[in-house]
Amino acid sequence: MSIEFRKLARNEISLLRQIDRSETIDGIYYHKDGQLVLEKEHHDVSNEWWQSQRIEPVIIPELERLLDSGGVAFGAFDGKGFAGIVALGADQIGKEKDTLIMHFLHISQSYRGRGIGSTLVSMVKKTALERGAKRLYISSIPSKNSVSFYLNQGARVAETDEVEPNLFELEPEDIHMILPL
């Protein structure tokens, strides 16, 4: 079945509940002395944790605020359900005010490895360019799979003076990255 990609309406944000965010993580990246260091760690992330601790109390309200402030979200659908989401903030950040924040790239477990994430990132890149941005800011969970995905998309680790202080304060364990457009 083919995947349909399109902009999400605000009333579709609740579709996030359909995403199965379960994942087995076998490596975590740490940012040490200006370098990415991969350490073997094993974590099983359950979909139940995602649903109870992240979707309702955190992500849905944040996405509503993001869309209400001029941001945009894109979704992937396969006819049976919701396969993935990504969002782009509207606020220009950085020294040159030429960077937009990419938020919430999540692909449901059974859809990973099919190019859905790459397509959603391409949609965000196109929209960011149309909005005058030259870069995307990404605060990535430090799992090997997530960081490797962004590196393969052309992202690099943010330099110290590029790190967005508010995001770093919220997510100090994340790998903060810049994706040139």
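Among the candidates 113, 70, which residue alone is open to solvent by 60 Å² or more (accessible area, probe 1.4 Å), on the phi > 0 side of the Ramachandran plot and not aromatic (Phe, Trp, Tyr)? Give the steps one after another, and end with the answer.
Numbers: 70 fails: open to solvent by 60 Å² or more (accessible area, probe 1.4 Å).
Residue meeting the stated conditions: 113.
Which of the following residues is open to solvent by 60 Å² or more (accessible area, probe 1.4 Å), among the acidic types (Asp, Glu) and touching a Pro at 6+ places or on another chain (Cβ under 9 Å): 173, 169? Quick ask: steps written out before the conclusion?
Working: 169 fails: touching a Pro at 6+ places or on another chain (Cβ under 9 Å).
Result of the check over 173, 169: 173.
Assuming residue 49 fulfils every condition listed in (1) in a helix (DSSP H, G or I); (2) among the aromatic types (Phe, Trp, Tyr); (3) touching a helix residue (DSSP H, G or I) at 6+ places or on another chain (Cβ under 8 Å) apart from one, which condition is it?
Among (1) in a helix (DSSP H, G or I); (2) among the aromatic types (Phe, Trp, Tyr); (3) touching a helix residue (DSSP H, G or I) at 6+ places or on another chain (Cβ under 8 Å), the lone unmet condition for residue 49 is (3).
For residue 146, only one of the following conditions fails: (1) outside any strand (DSSP E or B); (2) open to solvent by less than 50 Å² (accessible area, probe 1.4 Å); (3) over 20 Å from residue 29 (Cβ atoms). What is its number?
(3)
Within the stretch 126-142, identify whether any single residue is open to solvent by 30 Å² or more (accessible area, probe 1.4 Å) and in contact (Cβ under 8 Å) with a residue 60 or more places away in the chain, and answer yes or no.
Within the stretch 126-142, none of the residues are open to solvent by 30 Å² or more (accessible area, probe 1.4 Å) and in contact (Cβ under 8 Å) with a residue 60 or more places away in the chain.
Out of all the residues in the stretch 3-17, which are in a helix (DSSP H, G or I) and either of a type in the set (S, T, N, Q) or open to solvent by 100 Å² or more (accessible area, probe 1.4 Å) (or both)?
Going residue by residue through the stretch 3-17, those that are in a helix (DSSP H, G or I) are 10-17.
Within the stretch 3-17, 10, 11, 14, 17 meet the criteria.
How many residues are under 25 Å from residue 4 (Cβ atoms) and of a type outside the set (D, E, K, R) when one looks only at the stretch 119-154?
As a first pass, look at the stretch 119-154 and keep what is under 25 Å from residue 4 (Cβ atoms): 119-131, 136, 138, 145-146, 149-150, 152-153.
With of a type outside the set (D, E, K, R) added as a condition, the list becomes 119-124, 127-129, 136, 138, 145-146, 149-150, 152-153.
Qualifying residue count, the stretch 119-154: 17.
The values are calculated or read from the model by the stated rules, or taken from the named source; none is laboratory data. Computed from a predicted structure; not experimentally measured. Counting neighbours? That spans all protein chains shown, and the Cβs are built from the backbone with ideal geometry, glycine included. Side chains included, ligands, DNA and RNA excluded: accessible areas come from the protein's heavy atoms. Shrake-Rupley method; radii C 1.70, N 1.55, O 1.52, S 1.80 Å.
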